[in-house]
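For reference, the structure is listed below as structure tokens.
The values are calculated or read from the model by the stated rules, or taken from the named source; none is laboratory data. Because the structure is a prediction, the values reported are computed rather than measured. Neighbour counts are summed over all protein chains in view; Cβ atoms, including those assigned to glycine, are modelled from backbone coordinates with ideal geometry. Calculation scope for accessible area: heavy atoms of the full protein, side chains included, ligands and nucleic acids excluded. Shrake-Rupley method; radii C 1.70, N 1.55, O 1.52, S 1.80 Å.
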Amino acid sequence: MLKLFKSLTAFVILSLLLTGTAFAQPNPVSELNSIANQLIDKLKQNQTNLRDNPDLVYSFANTILVPHADIDEMAKRVLPPKTWNSASASQREAFKRQFTTLLVRTYASALANYTDQTIHFYPVRGGYEGKSNLEVMSQIERPDGPPVKVSYRLVYKGTWKIYDLNVEGISMLGSFRSQFADQLANGNIDALIQTLKVHNSGNS
């Protein structure tokens, strides 16, 4: 009986450990490191072709960065609440498509100028366990200039998703929000979608 009890106890402890592992939040710093390493490897392998082949850079941004971005949250936050709340489902989807393309173009423009930069991520202050929203600090080391401080805002939705980044105190979402506010002042969301569509097609 004692042997059976010990076996059952060991089984229960093992089950709890496995359950804890299965539902433990992944380390956001490790996830960002993995994304950065994948991206840097691709950039290094294709460094001589980056500036002359924009489609190649777009593909890197689409396949490596976009899957880890919370596009829904970004699209919602970048518009005034009144504009987002009053938009129809089809308008929201149209805006998200154009906004995603704009993000890819923005990222790709920076990636095309890659010159052996490296990224160092810092541990999350106060830890990340049990949190659903946090900030990860990092620093980009450049061979041709001073380091650049970049912070990432992440939300946890089964995995960590990026919804904003801040470069030397300037928020990406804040910059887009300001641009879109100026455009919305002279029109509605349909006009903004059309403006983005023209811009993304390369005709502006």
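Kindly indicate whether residue 134 is of a type outside the set (Ser, Thr, Tyr), closer than 19 Å to residue 190 by Cα and open to solvent by less than 20 Å² (accessible area, probe 1.4 Å). No, not satisfied. Applying a threshold of 6 Å to beta carbon distances and a minimum spacing of six or more residues, or different chains, the list of pairs starting in segment 33-61 at a residue that is over 17 Å from residue 120 (Cα atoms) and ending at one that is among the basic types (Lys, Arg) and open to solvent by 50 Å² or more (accessible area, probe 1.4 Å) reads 60/42.
Here residue 62 passes the criteria (1) closer than 20 Å to residue 173 by Cβ; (2) over 15 Å from the mean Cα position of the chain (by Cα) except the one numbered (2).
This table checks each residue for (1) open to solvent by 80 Å² or more (accessible area, probe 1.4 Å); (2) part of a helix (DSSP H, G or I); (3) at pLDDT 50 or above; (4) in contact with a Pro (Cβ under 7 Å, 6 or more places away or on another chain).
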{"site": "4", "(1), (2), (3), (4)": "yes, yes, no, no"}
{"site": "7", "(1), (2), (3), (4)": "no, yes, no, no"}
{"site": "10", "(1), (2), (3), (4)": "no, yes, no, no"}
{"site": "15", "(1), (2), (3), (4)": "no, yes, no, no"}
{"site": "18", "(1), (2), (3), (4)": "yes, yes, no, no"}
{"site": "25", "(1), (2), (3), (4)": "no, no, yes, no"}
{"site": "35", "(1), (2), (3), (4)": "no, yes, yes, no"}
{"site": "41", "(1), (2), (3), (4)": "yes, yes, yes, no"}
{"site": "51", "(1), (2), (3), (4)": "yes, no, yes, no"}
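Going by what's in this entry, would residue 101 be described as within 16 Å of the chain's Cα centre (by Cα), under 18 Å from residue 202 (Cα atoms) and polar (S, T, N, Q)? When the stated conditions are applied, residue 101 passes them.
Out of everything in segment 188-204 that is farther than 17 Å from residue 92 by Cβ and over 25 Å from the mean Cα position of the chain (by Cα), what residue ends up being modelled with the highest pLDDT? Checking each candidate, the answer is 203.
With respect to the stated conditions, residue 77 is closer than 30 Å to residue 197 by Cα and either crowded, with 17+ Cβ neighbours inside 10 Å or without any contact (Cβ under 8 Å) to a residue 24 or more places away in the chain (or both). Among the residues of segment 157-175, the ones that are over 12 Å from the mean Cα position of the chain (by Cα) and either modelled with pLDDT of 95 or more or small (Gly, Ala, Ser) (or both) come to 5 in all.
The residue list 145, 158 contains one member that is under 22 Å from residue 50 (Cα atoms), loosely packed, with under 15 Cβ neighbours inside 10 Å and without any contact (Cβ under 8 Å) to a residue 60 or more places away in the chain, which is 145. Of the residues making up segment 89-120, those that are open to solvent by 50 Å² or more (accessible area, probe 1.4 Å) and more than 30 Å from residue 42 (Cβ to Cβ) are 89, 90, 92.
Got a number for residues in segment 161-178 being more than 28 Å from residue 35 (Cα to Cα) and surrounded by 14 or more Cβ atoms within 10 Å (Cβ to Cβ)? Give the steps one after another, and end with the answer.
Filtering segment 161-178 down to residues more than 28 Å from residue 35 (Cα to Cα) leaves 178.
Applying the additional criterion that residues be surrounded by 14 or more Cβ atoms within 10 Å (Cβ to Cβ) yields none.
Total satisfying the criteria: 0.
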